[in-house]
Amino acid sequence: MALLDLELWDGRHTWCHGYREGLPWWRWGWAPAGLRTRRQIHAAGRRLARGQDPYGLIVWKRGRRTAALYRLDLTLPAARVTPAKRAAVAAMERARRTCRRCQRQRPYRMPMSTWRCWECMAETGDYGEPAVA
Ligand SMILES: [Zn+2]
């Protein structure tokens, strides 16, 4: 198989097997250092930058499978969700689902006009309509 010369983003010279959809491609295991698949980027605790385009392709299973390769140096650290952050989001969600009148938790969010569940709204007749002036 013919190999094509390729100059990388950092000036390194390497080769690729050819081009597919305008992107250089390599067989599995032959991509130059600094390129990663989405899965590998995620595993490294990083994420793609907004609008980051693939740099190349990895091709395996005799060309039947492909995966995009991205420049690792352009990716960003992924925001790790800390336990404290997760707890805060859960508490917020609980508050949104808790009726301020009967204090029961409902499977839906309370309307912000009344903060009351549907049962309480029916009981009190207060559906949160603006008061008639
Ligand atoms: Zn209620």
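The values are calculated or read from the model by the stated rules, or taken from the named source; none is laboratory data. Since the model is a prediction, treat every value here as computed from it, not as a measurement. Quick reminder, even Gly has a Cβ in these numbers, built from the backbone with ideal geometry, and neighbours come from all protein chains shown. Accessible surface areas use protein heavy atoms only, side chains included; no ligands, DNA or RNA. Shrake-Rupley method; radii C 1.70, N 1.55, O 1.52, S 1.80 Å.
Taking the solvent-accessible surface of protein heavy atoms with a 1.4 Å probe, what is the per residue accessible area of the chain in Å²?
Numbers: 9700 Å² over 133 residues.
With all protein chains present, the chain gives 73 Å² per residue.
I need the Debye-formula profile for the chain: one equal scatterer per C-alpha, no solvent, reported as log10 I(q)/I(0) at q = 0.21 1/Å, two decimals.
-1.16
Please work out how much length the chain gains when fully extended from Arg12 to Thr66, using 0.36 nm per residue of separation minus the C-alpha to C-alpha distance, in nm with one decimal.
Working it through step by step, the gained length comes to 17.1 nm.
Over the chain, what percent of the accessible surface lies on carbon and sulfur atoms, probe 1.4 Å? Walk me through the numbers on the way to the answer.
Details: 5230 of 9700 Å².
For the chain, the apolar C and S fraction of the accessible surface comes to 54 percent.
Please compute P(r) over all alpha-carbon pairs of segment 83-124, binned at 5 Å starting from zero, and give each bin as a whole-number percent.
Computed distribution, short to long bins: 5, 27, 29, 17, 11, 7, 3, 1.
To the nearest 10 square angstrom, what accessible area does Asp73 show with a 1.4 Å probe?
90 Å²
What residue among Ala43, Met112, Thr66 has its Cα farthest toward the positive end of the dipole of the chain, where the charges are +1 on Lys, Arg and -1 on Asp, Glu, each on the Cβ?
Looking along the dipole axis, the top candidate is Ala43.
Subtracting the Cα-Cα distance from 0.36 nm times the residue separation, let me have the gained length for Ala44 to Ala84 in nm, one decimal.
Going from the current span to full extension adds 12.2 nm.
For the chain, find the longest principal axis of its Cα atoms and tell me its angle to the long axis of helix 83-97, 0 to 90°, nearest 10.
40 degrees
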